[in-house]
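The values are calculated or read from the model by the stated rules, or taken from the named source; none is laboratory data. None of these values were measured; they are calculated from a predicted model. Note that we place each Cβ from the backbone using ideal geometry, even for glycine, and neighbour counts take in every protein chain shown. Note: accessible area is taken over every heavy atom of the protein model, side chains too, but ligands, DNA and RNA are not part of it. Shrake-Rupley method; radii C 1.70, N 1.55, O 1.52, S 1.80 Å.
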Amino acid sequence: QVQLVESGGGLVQAGGSLRLSCRASRGIYTIHAMGWYRQAPGKERELVGRITTGDITTYADSVKGRFTVSRTYDKNTVSLQMNSLKPEDTAVYYCVASDYAGDYWGQGTQVTVSS
């Protein structure tokens, strides 16, 4: 079992930056994948970015070059640095962790980008 707690959401103007953090309740060395999804009103949840064993990252085309996912092992944390934010990035952002037992989700944090 892993509990995930997100922080760092909020309101920002277009072109601005935000950094989301997700802290796991235990060490993340055995969690082979961590990442972020988002869900905008009326839309399906979509992958934003993830980081897997060996710190290999994958991103949605819509955020490539603007968002960066990283892990800090000694703090049991995965982060999402979001730059050059756009109004279409507005959504609830969810942290997810995957290990041998399954997937675990955080409660979500709201990101709102004003134009």
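Go through segment 51-78 and give me each residue that's open to solvent by less than 80 Å² (accessible area, probe 1.4 Å), among the small types (Gly, Ala, Ser) and in contact with a strand residue (DSSP E or B) (Cβ under 9 Å, 6 or more places away or on another chain).
ALA60, SER62, SER70, listed by residue number.
Against the conditions (1) aliphatic (A, V, I, L, M); (2) out of contact with any helix residue (DSSP H, G or I) (no Cβ under 7 Å at 6 or more places or on another chain); (3) open to solvent by less than 50 Å² (accessible area, probe 1.4 Å), where does ILE28 fall short? Just the number, please.
Tallying (1) aliphatic (A, V, I, L, M); (2) out of contact with any helix residue (DSSP H, G or I) (no Cβ under 7 Å at 6 or more places or on another chain); (3) open to solvent by less than 50 Å² (accessible area, probe 1.4 Å), ILE28 fails exactly one: (2).
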